[in-house]
Amino acid sequence: MQGFAPRARRAWAKYWFRPAALFDIAALRVLAVGLQLGLLLLDPRYNLASLKVIAALPSSLYWPLPVVHLLSLPFGGAYALSLGTMQSVQVVTMCAGFLALIGLFTNASLLVFALGCTLLQGWACSFDDIHHPEAVMMVALGALALGPSGKLLSVDSWLSRKFRKAPAVDMLSATSPEARWPVLLIQWFFALMYLSAFYAKLVVGEGQWFNGYSLQFYLAVDGLRWGSDLAVWLAQFHWIVFLSSLAVFFFQGTFFVSMLYPRLKWFYVPFGMSLHVGIYVLLRAPFFQWAVLYAVFVPWGELLKQLRLMRRGTPVAGAFDAT
C-alpha cells in the first residue's frame with residue numbers, strides 16, 4: 001500500500017501530461033475561435049444588435065448567473081452592467097478573438113476572448129434559459145487559453161522563428177507535455193455532458209424517453225414549427241423513432257467508455273457527429289459549437305503524418321489507437 005500513492009500519481013501525470021502533438025491543439029484553437037468569432041459577428045443571437053434586444057427586456061427577468069456576478073466585478077457588479085458596457089465588452093472580445101484566431105499574443109488574447117464570451121453569454125442567459133452548446137465552448141476556450149495553443153499555426157510561432165531565431169520544427173512531429181491536458185479536458189467534458197443527458201432521460205424524465213413517443217412528439221412539433229418536412233415525415237413511424245431513442249440513450253450513457261478504450265472512438269465519434277448534424281437537420285437545434293468541437297477527438301497531426309506516409313507507400317496504424 002505504501003507504493004500505491006506514488007504509482008497512482010505517476011499514472012495520473014502520465015495520463016494528463018504525456019507528450020502530445022502541438023498541431024492538434026493549434027488546429028483546435030483555429031476551429032473553435034473561428035466558429036465563436038463568426039457567431040459573435042453574424043449570428044443574430046450573439047451579435048451587437050442582439051445586445052439591444054436583451055437590454056430592453058424587463059429587469060424583473062434578470063437573474064444574474066454566478067459567473068456573471070464574478071466577471072462583472074470590475075464593472076461594478078452584475079446589476080451595474082449597462083448596454084454601453086456590454087457593447088464595449090463585445091467589441092473588445094471580438095478584437096481579442098481576431099488576435100487569438102491568427103495567433104498573436106495567443107494565450108493572452110485567448111484568455112480575454114474566453115472571459116469576454118463567458119460574460120456576454122452568461123449575461124444573455126441571465127434573462128432566459130441556459131443552453132449547453134454555449135457552455136462547452138466557454139470551457140474549451142478557457143482550456144485552450146491555458147495551453148500551448150499558439151506554438152504552431154500562429155503569428156507568434158512565425159515571429160519566434162523570424163526574430164528570435166527559434167529552430168524550425170516539423171509541425172506534425174512537434175510535441176509538448178502541456179498540449180495533452182486541454183484536449184483531454186474538453187473530451188471528458190463531452191463525456192460528462194452526455195452522462196448528464198443520460199441521467200436526465202433516466203431519472204428526471206422518469207424513463208419516458210424509452211417509449212419513443214417523447215421524441216416522436218418533438219419531431220412533429222418542432223418539425224411543424226421550423227418547417228422541417230423530414231422531421232414531420234419521420235414522426236409518422238413510431239418504431240423507427242423508438243429505436244432511435246434507444247440508440248441515443250445507449251450512446252449518451254456509454255460514450256465515456258471510449259475515453260478509456262480509444263479504439264471505440266472509431267464508432268462513437270462518427271455517431272456523435274452524425275447525431276448533432278441530424279438534430280440540426282431535423283429539429284433546427286443549432287449545436288454548432290458541439291459539432292465543431294468534435295474536432296477535439298481527431299488526432300490531426302497523426303492523420304496528416306499517416307497521409308504523408310501513405311503517399312510514400314508505408315503501412316500505417318489507426319490514428320485513434322493511441323489517443
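Computed from the coordinates by the stated procedures, all read-outs in this text should not be read as laboratory data. Keep in mind that this is a model prediction, so the values were computed, not measured. FYI the Cβ positions are ideal-geometry reconstructions off the backbone, even for glycines, and counts take in every protein chain you see.
Sum -39500 (n - 2.57) across every DSSP H segment of at least 4 residues in the chain, then divide by the residue count to get the 222 nm mean residue ellipticity, nearest 500.
-20500 deg cm²/dmol
Put simply, the convex hull of the Cα atoms in segment 86-226 casts, on average, a shadow of 12.3 nm².
Which residues make up the longest stretch of the chain that has no trypsin sites (Lys or Arg not before Pro) in a DSSP loop with at most 11 other Cβ atoms within 10 Å? Here the longest run is 1-163. A simple spin-label model places pseudo-atoms 7 Å from Cα toward Cβ; at Phe267 and Leu48 they are separated by 5.0 nm.
At 0.36 nm per residue, and after removing the present C-alpha to C-alpha distance, how many nm does the segment from Trp188 to Ser173 gain when stretched out fully?
Numbers: separation 15, 0.36 × 15 = 5.40 nm, distance 2.47 nm.
Full extension of this stretch gives 2.9 nm more.
Look at Ser157, Ser173 and count the other Cβ atoms within 10 Å of each Cβ; fewest to most, that gives Ser173, Ser157.
Output the relative contact order of segment 171-323, whole-number percent, from Cα pairs under 8 angstrom with separation of 6+ residues.
Averaging sequence separation for qualifying contacts and normalising by length gives 25 percent for segment 171-323.
For the pair segment 192-231 / segment 122-186, the C-alpha centres are spaced 34 Å from each other. Size estimate for segment 1-133 follows the Kirkwood approach: the inverse of mean 1/r over distinct Cα pairs works out to 16.9 Å.
Within the listed set Pro19, Pro44, Pro58, the residue fluctuating most in the Gaussian network model of the chain (springs between alpha-carbon atoms under 10 angstrom) is Pro58.
Run the count for the chain, please: Lys pairs, Cα-Cα under 21 angstrom, 8 or more apart or on different chains.
5
Which net charge results for the neighbourhood of Leu184, defined as the other residues with beta-carbon distances under 14 angstrom from its beta-carbon, given Lys and Arg at +1 and Asp and Glu at -1? It works out to a net charge of +2. Sorting Ser176, Ser149, Ser72 from the fewest to the most surrounding beta carbons within 10 angstrom yields Ser176, Ser72, Ser149.
Note on Ala13 and Ala200: with the Förster distance fixed at 45 Å, the Cβ-Cβ geometry gives a FRET efficiency of about 0.85. For Thr175, the amide hydrogen comes within under 5 Å of the amide hydrogens of Leu22, counting only partners 5 or more places away or on other chains and with H modelled in the peptide plane. Extension gain for Ser82 to Ala285 (0.36 nm times residue separation, less C-alpha to C-alpha distance): 70.1 nm.
Modelled label positions at Ala220 and Trp239, each set 7 Å beyond Cα in the direction of Cβ, lie 1.9 nm from each other. Comparing Ala231, Ala21, Ala96 in a Gaussian network model of the chain where C-alpha atoms under 10 Å apart are linked, the largest mean-square fluctuation is found at Ala231.
Computing mean projected area of the Cα convex hull in nm² directly from the structure and comparing it against (1) 20.2; (2) 17.5; (3) 22.5 singles out (3). Considering only Phe287, Phe250, Phe190, give the residue with the highest GNM mean-square fluctuation for the chain, with springs between Cα atoms whenever their separation is below 10 Å. Largest GNM mean-square fluctuation: Phe250. Among Tyr15, Tyr62, sorting on how many other beta-carbon atoms sit within 10 Å of each Cβ, with the fewest leading, yields Tyr15, Tyr62.
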